[in-house]
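What follows is a single structure, written as structure tokens, with notes after it.
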Amino acid sequence: MSKRILRKKEQREKKKIALERINILFTLAERVFPYDEELANRYVEIALAIQQKAKVRMPRKWKRRYCKRCHSFLVPGVNARVRLRQKRMPHVVIKCLKCGHIMRYPYLREQKEKRRKRLEAKGENKAQS
Ligand SMILES: [Zn+2]
């Protein structure tokens, strides 16, 4: 195997490990949050450091679970307010109640997914009758 391919493989492995660590850290943050918010935030900081160093994308599952400004671990209804907005583009508005930072995420993808599933369900019904 050439050195370049070997390096690529190494890089892939590093990213995989980084993602595993990020997942573990956020899972821990979620678990300790009710007892120790500061510790949860520290886990987020470590996860973010790993993410930046490994240059991996934040897993979708955790992307909306921390504040982009103050890096607090966010729990909807506790320290984050979540609202759905339909204006222009359907999007989710998440407000960090710690620092007041507002984050917006479009959810067109989710809507498209739903529509697709609905169409599929319809198709199934037709096939049955
Ligand atoms: Zn914040």
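Here, each number is a calculation from the coordinates, and none is a lab measurement. This is a predicted model, so every value here is computed, not measured. Note that we place each Cβ from the backbone using ideal geometry, even for glycine, and neighbour counts take in every protein chain shown.
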With Cα springs under 10 Å, the Gaussian network model of the chain assigns the largest mean-square fluctuation among Tyr107, Tyr66, Tyr43 to Tyr107
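Lys and Arg at +1, Asp and Glu at -1: add these up for the other residues within a Cβ distance under 14 Å of Ser72 and post the number.
Residues close to Ser72 contribute a combined charge of +3.
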Please identify, among Leu28, Leu119, Leu84, the residue showing maximal mean-square fluctuation in a Gaussian network model of the chain using a 10 angstrom Cα cutoff. Leu119
Of Ile17, Ile50, Ile94, the one that fluctuates the most in a GNM where the chain has Cα springs shorter than 10 Å: Ile17
Too long at a 28 Å Cα-Cα cut-off: which of Lys68/Lys112; Lys14/Lys95; Lys8/Lys53; Lys15/Lys63? Lys14/Lys95
Separation between the Val92 and Lys112 pseudo-spin-labels, each 7 Å from Cα along Cα→Cβ, expressed in nm? 1.7
Pull out the extension gain between Ile5 and Ile46, defined as 0.36 nm times the separation in residues minus the alpha carbon to alpha carbon distance; nm, one decimal. 11.8 nm
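Which FRET efficiency value, to the nearest 0.05, do you get for Lys68 and Lys122 by plugging their Cβ-Cβ distance into 1/(1 + (r/R0)^6) with R0 = 30 Å?
0.15
Could you compute how fast the range 15-129 diffuses translationally, taking Rh as the Kirkwood radius over C-alpha pairs and applying Stokes-Einstein at 37 °C with viscosity 0.692 mPa s? Give it in µm² per second.
Values: Rh = 16.0 Å.
Result for D is 205 µm²/s.
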